1. Order these peptides, 73-80, 48-55, 227-234, by their mean beta-carbon neighbour count within 10 angstrom, highest first.
2. Rank these for me by crowding, 236, 210, going from fewest to most other beta carbons within 10 Å.
3. Test of understanding: extend the Cα→C-beta vector of residue 174 to 7 Å, then name every residue of the range 239-261 with backbone N under 11 Å from that spot.
4. For the chain, what's the radius of gyration and Dmax over Cα atoms, in angstrom?
5. Based on the Cβ-Cβ distance of residue 254 and residue 139, what FRET efficiency does E = 1/(1 + (r/R0)^6) give at R0 = 22 Å, to the nearest 0.05?
6. Please work out how much length the chain gains when fully extended from residue 101 to residue 122, using 0.36 nm per residue of separation minus the C-alpha to C-alpha distance, in nm with one decimal.
7. Do the sum for the chain: with -39,500 (n - 2.57) for every DSSP H run of n ≥ 4, divided by all residues, what is the mean residue ellipticity at 222 nm, to the nearest 500 deg cm²/dmol?
8. Could you work out which residue, out of 91, 59, 150, moves most in a Gaussian network model of the chain, that is, has the largest mean-square fluctuation with Cα springs under 10 Å?
Amino acid sequence: MPNIYYCFPQGKHKVLTMSYDDGRRADERLVQLFNRNGIRGTFHLNSGLLGEGDRIAAEEVADLYAGHEVSAHTSHHPTLARCPLEQIVDEIMEDRKGLERLLKVPVRGMSYPNGSFNTAIKQLLPSLGIEYARAVQTTGSFAIPEDYLEWRGTCHHNDRLLEHAETFKGLHKRQYLYMMYVWGHSYEFDNDNNWDLMERFCEQLGGQDDIWYATNIEIYNYMKACERLVFSAARDFVYNPGAATLWMEVGGSAVEIPGGVTVELS
C-alpha cells in the first residue's frame, strides 16, 4: 500500500488561523481586514465586560464576528492561576453561558486571560465543556499542537510576522501538515500605529489556493475527526463514522472521505 496522509479540506496541507483577545473596538477594523482577504479567525471575548469602555457591545457580537469563531476568555478576565477553584469554574461557565445566549452555538474553546494557567486548570477544562485553550507562549514553528489545552501559536503579530508569513507561504513538502497561528490584541495596532503590518500580512497570505483558512475550533474538530477514522487492517479501505467530510492523500492523490461512508483506498 502507498503512504496514507491526513489532509486538510480539498487535499490542502497548510492552514492559517488567527486568534485575538478581549473584544475591543479595534476588532471592527481587524474583522473587515480579514474578510477582505478571505482570512478567518477566533475572537476570545469576556461576556461580563461587553459594552464597557471601548469593548464591543453584546448586541453587536453576532453580526460583527459572523463567519469567524467567538470563543471564551472568562467573564471578567481574572488571572486564573491566582484564583480559587470556585471562581475559575464560575468565570468560565458564566462566559460560556453569556456568549452562547448571543450566538446560539456551543462555545467550546478559550484563551487564558493574562496567559495564566496551571496543570490543575488544564485538567479542569474538559469538565467545563472547554476542549481547547490558547496560551500566550509561542513556538516559532508551524506544527499541529499535541496538547490543545495548551495551544501555542506560531507567533504574536509583533514577532517577525512577515518573516514567518514568507516562510509559511513557501512550505511545500506535502508529507507534513503545516499550521500558521497568529495571536494578539487588535487594540495593539492602534497603540503601536502599525495597522500596515496586518494589512501587508493579509495581502501576503490571503487568497492562496494551497491554504485552508479556518477558525481554531474548525481545526480542532477536523483533526479530532481524522483521529476517529476507522481503517481496515490492510489499509485498503476506511470508514468515516462522523458527519464531516474529511480528506486524505493516498499515493500522492487527494481522496475525499464523506461522512458515514466507507471508501476504497487500494
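1. On the way: 73-80: 20.0, 48-55: 14.1, 227-234: 10.6.
Highest to lowest by the protection proxy: 73-80, 48-55, 227-234.
2. By the 10 Å Cβ count, ascending, the order reads 236, 210.
3. Counting backbone N atoms under 11 Å from the label point, the list is 249-255.
4. 19.1, 61
5. On the way: r = 28 Å, r/R0 = 1.26.
So the FRET efficiency works out to roughly 0.20.
6. Values: separation 21, 0.36 × 21 = 7.56 nm, distance 2.49 nm.
Roughly 5.1 nm would be gained on extension.
7. Counting only the DSSP helices, I get -8500 deg cm²/dmol.
8. 59
Laboratory data are not the source of any read-out in this text; all were calculated from the coordinates shown. This one's a predicted model, so the numbers in the text were calculated from it and none came from an experiment. Glycine gets a Cβ as well: all are built from the backbone with ideal geometry, and neighbour counts include every protein chain shown.
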